[in-house]
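The values are calculated or read from the model by the stated rules, or taken from the named source; none is laboratory data. Quantities reported herein were computed from a predicted structural model and do not represent experimental measurements. Neighbour counts are summed over all protein chains in view; Cβ atoms, including those assigned to glycine, are modelled from backbone coordinates with ideal geometry.
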C-alpha cells in the first residue's frame, strides 16, 4: 500500500512541510483557516468516498459473480454435450469425438473473444494499454496485450468460421450463434436427442445472458458525476487540512513549552507526520474506489478474467480427453498479480 502511494506521500510531505515552514519560520500566521469548517468538509468527504467505494465494490463483485457463472455454465455445457453424444452407445465414435472437439474449441474461442472484448480500451479507463508501459510502471502483464485476437482464434476455428466471425462486430455473439446452428444440425442428423438440444440451448441462453451482463459493466462506466465530486472534494480537503491543523499544533506547542521548553519549541513540527497520515488515508480511500470502478480495464485490481478463461479452457480440454501436451499451461502471474 505504501509503495502504491509513495509518490502521493512525497507530495503530501512537501506540501505540509511548506505550510509549516511558512507558518513557523517565516511567521506567516495568517495562512490558517478555522478547523470546524474543514472538519465538516472532512465528514462530508468521508461519506462521499465511502459511497463511491461501496459502489465500486458492487461492480467488482458483480463482475466476479458473472464470470463465476461463466465457469459453471461452460463446464455444464461440455459435460452435457459429451453425455448426450454417448447416450445410445457403450463406446464413443471417432465422428462424435471430432464433433465434440469442434464445439469445445469453438466454446474456447468464445471465452477468448469475450475476454478480449472486455480488455478493449474505453475512453473513461485510465490504465496503460501497451505491454511495455505496464511492465515498466507496474511490473505485471496482461495476456491480451501480448498476442492479437486473430492469432488466438485461428487455431480454434475453421477457416470459414474464422473469416465469418472476424467480419462481425460482436464476435462472442457470433460464436454463440454458430454453436446453436451446429447443435441444431446434430439433432437433425439424429446425433442428439431433442430434449438434449433443448437443454444445451438453455445453457447457451445462460451464456448469452452472462455475456450481456459482462458487457453492461464494461460499456457503462461508474457515473462520473459521483466520481468527479468525490475526487474534487477530497482534494479540496487535502489542501485545506494543513492550514487548519497548523494553528492547533501551534497552540499545543505553547502548552507543552510550559512544562518542557525544548519539546515545546519543536512540537509544532509534529504537525507534518500527523497531517500527512490523515491526508494519506483520505487519498488512499479515494484511489481504492477509483481503481475499482472498471473491473475489466487491465489493472492489478481487475477481475482476473484471463486466468479464469484459461482455467476453463484447461478444464474443458481435460473433460473431452485431450492429450496433456495439447492443453495450454496457466498464465504466468508476474509479481503475484492475477490477470
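Observations, loosely collected:
- Count - residues of the stretch 320-332 that are buried (at least 16 other Cβ atoms within 10 Å of the Cβ) and either at pLDDT below 85 or assigned to a helix (DSSP H, G or I) (or both): 1
- Residue among 17, 43 that alone is under 21 Å from residue 267 (Cβ atoms), part of a helix (DSSP H, G or I) and modelled with pLDDT of 85 or more: 17
- When we screen 242, 247 for residues that are under 37 Å from the mean Cα position of the chain (by Cα) and either crowded, with 17+ Cβ neighbours inside 10 Å or modelled with pLDDT under 85 (or both), the only hit is 242.
- If the condition is being closer than 16 Å to residue 102 by Cβ and surrounded by fewer than 19 Cβ atoms within 10 Å (Cβ to Cβ), then the stretch 164-173 contributes only 164.
- Of all residues in the stretch 215-273, those that are more than 30 Å from residue 114 (Cα to Cα) and not in a helix (DSSP H, G or I) total 3.
- Residues satisfying the stated conditions in the stretch 311-339, i.e. free of Cβ contacts under 8 Å to residues at least 24 places away in the same chain and under 14 Å from residue 114 (Cβ atoms): none
- Test: residue 22 is in a helix (DSSP H, G or I) and surrounded by 13 or more Cβ atoms within 10 Å (Cβ to Cβ): yes
- Being over 25 Å from residue 304 (Cα atoms) and either at pLDDT 95 or above or assigned to a helix (DSSP H, G or I) (or both) holds for only one residue in 152, 91, 144, 161, and it is 161.
- Unmet criterion (only one of (1) at pLDDT 85 or above; (2) assigned to a helix (DSSP H, G or I); (3) on the phi > 0 side of the Ramachandran plot) for residue 335: (1)
- Lone qualifier among 305, 279 - being buried (at least 18 other Cβ atoms within 10 Å of the Cβ), touching a residue at least 60 places away in the same chain (Cβ under 8 Å) and over 30 Å from residue 210 (Cα atoms): 279
- Output for the stretch 280-302, where each listed residue is outside any helix (DSSP H, G or I) and under 26 Å from residue 6 (Cβ atoms): 292, 293, 294, 295, 297, 298, 299, 300, 301, 302
- In the stretch 4-11, the count of residues that are in contact with a helix residue (DSSP H, G or I) (Cβ under 9 Å, 6 or more places away or on another chain), buried (at least 16 other Cβ atoms within 10 Å of the Cβ), farther than 14 Å from residue 281 by Cα and in contact (Cβ under 8 Å) with a residue 40 or more places away in the chain is zero.
- Number of residues in the stretch 185-195 that are touching a helix residue (DSSP H, G or I) at 6+ places or on another chain (Cβ under 7 Å) and assigned to a helix (DSSP H, G or I) equals 3.
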